[in-house]
Amino acid sequence: MGKKRNKKVQAPRFQPPRYKWVPKSRPATVETRNWLELPRDVTVSILSRLGAVGILRSAQYVCMAWRQICKDPLMWRSIDMRNDGDLDDVMFDLDLMCRRAVDRSAGNLVDLNVEYFGSDCLLNFITDRCRGIKRLRFTYCYGITDEGLSEMASKLPLLEELEISLCDNLSSKSVEAVGRSCPRLKSLKLNREWFSFPDDNDEDDDYFDEGDYYYPVIDDQNGSSAIAPSRKDAEALAIAGTMHGLRHLQLFGNQLTSDGLKAILDSCPHLESLDVRNCFNLNLKGDVEKRCAERVKNLRLPFDSTKDYEFSATAYGDGTPFGYFDESELFGCGDYLDDEDDFDDDYDYDEASHFSDDSDWYDDFTTIRISDMLH
């Protein structure tokens with residue numbers, strides 16, 4: 001018998017995997033929108049959030065329709081000149097831009113915010129053209145003096161809200177002038193940085209210098225020097241004597257004492273909110289604390305948290321006082337012209353401006369893909 005041959009095992013035939021056919025999807029259509037089709041009131045609301053610098057530097061050059069909106073006087077009822085404060089790197093003239101914005105308001109201005117570049121000349125320019133201002137805010141404006149603020153207040157009888165933060169050249173004299181000239185004032189923010197005073201009796205420090213006010217130094221029984229209490233309360237007494245209709249008061253970092261606070265409580269019966277954080281001369285024990293708790297709905301005490309405070313809350317304890325310096329050379333009036341004809345509405349705020357008035361270019365630019373706006 002022959003040998004049995006081993007049966008050869010055949011490998012299974014390769015069968016390609018079965019795939020379910022799925023029709024190829026078409027690419028999604030990129031949605032576009034012509035921003036000119038937005039209702040005018042919506043466009044105004046969007047542009048108003050840019051601030052005056054953003055409008056004058058960019059938005060008004062996007063298209064002819066936006067430029068017409070940006071020239072509407074009602075668009076400039078509120079002027080916000082906010083900036084980062086680094087004026088050395090600013091390639092455009094903030095003062096001139098503010099003047100152009102004021103001119104565009106055509107006297108309709110009611111709300112103004114100026115940061116880092118305000119001066120007496122600018123205040124005079126604004127108040128000569130707009131007498132119906134109700135809200136003013138000045139921050140780090142070292143070019144504003146008592147004389148300039150007092151003259152400004154005399155032209156704004158409708159002023160209701162005033163904030164002056166970290167403007168070191170101002171004293172109680174201008175605070176009193178504001179109170180006498182603005183009977184409708186309801187809200188005042190007068191904020192400073194806290195500085196403690198020297199403890200040693202230095203013969204060279206016979207006066208503490210703050211603007212046009214000189215605070216006499218007195219010696220106590222222990223031989224150490226201190227600021228006369230009446231001068232510490234100068235701003236508080238100015239408020240108490242002239243601002244009887246106040247409802248909101250912020251005195252961050254002020255030097256007032258308990259006597260000054262008592263005067264404010266006595267003279268401002270409608271006070272609803274009071275912020276005296278970083279006012280470390282205050283002693284709120286006893287009657288003063290009780291009166292504040294009973295009278296004031298929203299009370300912030302000297303040692304309360306400053307996390308929600310907009311500016312630096314650093315309290316300096318090295319005895320370095322505020323110094324007065326003359327900035328007339330930096331903020332002179334001679335370089336500016338008040339005549340409206342001297343301001344070109346198409347003024348290029350910097351030398352690199354290359355904007356065109358071509359309406360076709362404007363309209364093409366406004367067709368923007370929504371997907372681009374989301375990235």
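We did not get these values from a lab; they are worked out from the coordinates using the rules stated. If you're wondering where the values come from, they're calculated on a predicted model, not measured in any experiment. Note that each Cβ is placed from the backbone with ideal geometry, even for glycine, and that neighbours are counted across all protein chains shown.
Observations on the structure shown:
- Fraction of the pair-distance distribution of the range 77-136 above 19 Å, Cα-Cα pairs, percent: 24 percent
- Our note on the geometry: Cα centres of the range 94-154 and the range 65-85, 15 Å apart.
- The calculated FRET efficiency for the pair His248 and Lys71, based on their C-beta separation and a Förster distance of 30 Å, comes to about 0.30.
- Translational diffusion of the range 68-168, µm² s⁻¹ [Kirkwood Rh, Cα pairs; Stokes-Einstein; 4 °C; 1.567 mPa s]: 95 µm²/s
- Here the Debye sum runs over all C-alpha atoms of the range 239-302 as equal scatterers in vacuum, and log10 of I(q)/I(0) at q = 0.22, 0.28 Å⁻¹ comes out as -0.86, -1.47.
- Under 5 Å, built H, 5+ apart or other chain: amide partners of Arg300: Leu274, Asp275, Val276
- Between Phe195 and Leu96, the FRET efficiency from the beta-carbon distance, with R0 = 41 Å, is close to 0.75.
- Highest average packing first - 298-304, 259-265, 242-248, Cβ atoms within 10 Å: 259-265, 242-248, 298-304
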